[in-house]
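Every number here is computed from the coordinates shown, using simple stated rules; none is lab data. Since we're looking at a predicted model, the values are computed, not measured. Here the Cβ is made from the backbone with ideal geometry for all residues, glycine too, and neighbour counts use every protein chain on show.
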Amino acid sequence: MMPLINWGAVQATLVHRFGPRVAVRDAAGDATYAEVFAAAAGLGRRLIEAGVRPGEHVATFLRNGRAAVSAAYGTQLAGAAETPLNISYTEAELAGALGLAGCRHVVCGREHAALFGDLGLSVHVMENVAPEPLAASRFPSVASELPGRLAFTSGTTGLPKAIVYSQRARFLANLLLQASLPWLPGPGSRMLMMTPFAHGASLQTFAWLDQGGEAVLLDGVQPDRVEKLLADGAPEGLFAAPTVLAKLTVAFAGRHFPGVRTIFTGTAPLPPLLYERVRAMFGPVVRLTYGKSEVFNPITVLQQAATDAYYAAGGGHDGRSCVGWPAAGVELAIEDGEVLIRAQHMSEGWIDASGFHSWRADGFHATGDIGEIDAHGRLFLTARLSDAMKTGGYKVYPQEIERTAAPAAPGSEIAVVGFPSEYWGEIIIAVAENPPDGWEAAARATCAGLAPFKRPRFYVAVDALPRNGQGKMVRRQLLAELQARYRLTDGPRPAIERI
């Protein structure tokens, strides 16, 4: 018999311990633990009465805020596999994700209910859910091996896949994430989050609330609200991807906010120049992690002191990004240069258009990331296998060029793509997002230290790089945009011109 998990008992304990305390702060104000979990209980009962079965995939589509938190806990109470959808998805992306996951039910806010009217789904609007006191006995115990959550990949290298986690993996991941925190929050400890709740912010919220902390959820980067929070010294934790940190260091240049104890960041490399700006603003408080949709955090962790020592020793200038040591229960291996992960809390496999697929027979997930493990046991990442460009017979990874060119555009981001060429295979183009004056000359100078075949042939400035809902640059979309705007004159001395 498979072990059972009763999420109602887990959540009821939090209500008993912290009921009148603030759990979530959002645009509408404060919501207590009792209020958040009463809304969750109301939704859980509604889903069960609607025929939702344990392990069934139930979609959630909500902006950052208390309703998103209650919806996540409510689907969990019903024993369902929450399938959070990014609030920035287009209607076509929504339809594709819902079809891939096979959802019959979706939980959303009133503002988005009409989006699902023609999709044949049962729509549960959070504003219409009647809250009720959470009683654990009213909710099922679920088999630990049933699906517990679906997470969609970012789609930066292809169509998104639905990653399937068991109830057990979801439970374990939350415990391990708490165990890897640099310090345990308590009542009144605030964590500020601005990235979509559908992704890593939700996992951070669950870990934080398990200890009685407060989740401060903003719907995107709102400089005025962020500045007030930081100036008041309110948040002890800041959960922010490097792209968000770059925006903050530009918006609040010259300011210092000493109240933040830890900045939790990952999902993309943190360039040394950006680290220096973040350190000047907040102090040596950055904690790095390695993030993958296929394995919930924690995977690897580099705590604050180790992060600061890494950058102080010149880290990040050699084409590698250190993401720390494996967390408890995580095994790493390198196979033909590719990083492999096996973990107690990793997913079961993935769903794509052809159906469900399990990971390798030995339990390892081949990440598609190129990396190495140093003599101290730390993992370093260098590039993505799928991003490799072929130019003049050479294989070149854009990440190396991007790291080299980055100092030319502080506060911006430079992306590199390979423009198709019959003569060269691909022609390397550097694209800067809203860069400062003189960036091209500076980038050419920094890239002069690269081998000639790695140097960009052309430099282009754009107002904004295409990004997915997690804020990651989407390389294939950037290339498509360049191909729509520029015409290539091919040959040994190629040229591009605006169409």
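About its Cα centre, the chain has a charge dipole of approximately 280 debye under the convention of +1 per Lys or Arg Cβ and -1 per Asp or Glu Cβ, with nothing else charged.
Report the normalised scattering of the chain as log10 I(q)/I(0) at q = 0.06 Å⁻¹, calculated by the Debye formula with identical scatterers on the alpha carbons. The Cα Debye sum returns log10 ratios of -0.28.
Enclosing the Cα atoms of segment 35-84 in their convex hull gives a volume equal to 51 cubic angstrom per residue. Among Arg493, Arg255, Arg21, Arg168, a tally of other beta-carbon atoms within 10 Å of each Cβ gives an order, fewest to most, of Arg493, Arg255, Arg21, Arg168. Compute the whole-percent fraction of alpha carbon pairs in segment 296-404 spaced more than 19 Å apart. Tail of P(r) above 19 Å: 54 percent of Cα pairs. Straight Cα distances below 30 angstrom link Lys228 to the lysines Lys247, Lys472, with same-chain residues fewer than 8 positions distant left out.
As a proxy for reagent exposure, ranking Leu4, Leu209, Leu385 by other Cβ atoms within 10 Å from fewest up yields Leu4, Leu385, Leu209. Computed from Cα positions, the angle between helix 242-251 and the longest principal axis of the chain comes to roughly 80 degrees.
Seen from a random direction on average, the alpha-carbon convex hull of segment 1-156 projects onto 9.7 square nanometres. Shape class of segment 1-76 from the alpha-carbon gyration tensor: oblate, with a/c at 1.5 or above and b/c at least as large as a/b.
Over what distance in Å are the Cα centres of segment 352-387 and segment 258-300 separated? Their Cα centres are 21 Å away from one another.
Here the convex hull built on the C-alpha positions of segment 341-440 has a volume of 206 cubic angstrom per residue.
Histogrammed with a bin width of 5 Å, the alpha carbon distances of segment 131-187 distribute as 4, 14, 13, 14, 18, 20, 10, 4, 2 percent, first bin at zero. Measuring nothing but how far apart in sequence close Cα pairs (under 8 Å, 6+ apart) lie, relative to its length, the chain scores a relative contact order of 11 percent.
The value given for segment 76-223 is a Kirkwood hydrodynamic radius of 17.2 Å, derived from the mean inverse Cα-Cα separation.
Both numbers refer to the Cα atoms of segment 179-296; Rg and Dmax are 13.3, 38 Å.
Between segment 158-187 and segment 76-124, the alpha-carbon centres lie 22 Å apart.
In the chain, what percentage of the DSSP-assigned beta bridges are antiparallel, given to the nearest 5? Antiparallel bridges make up about 65 percent of those DSSP assigns within the chain.
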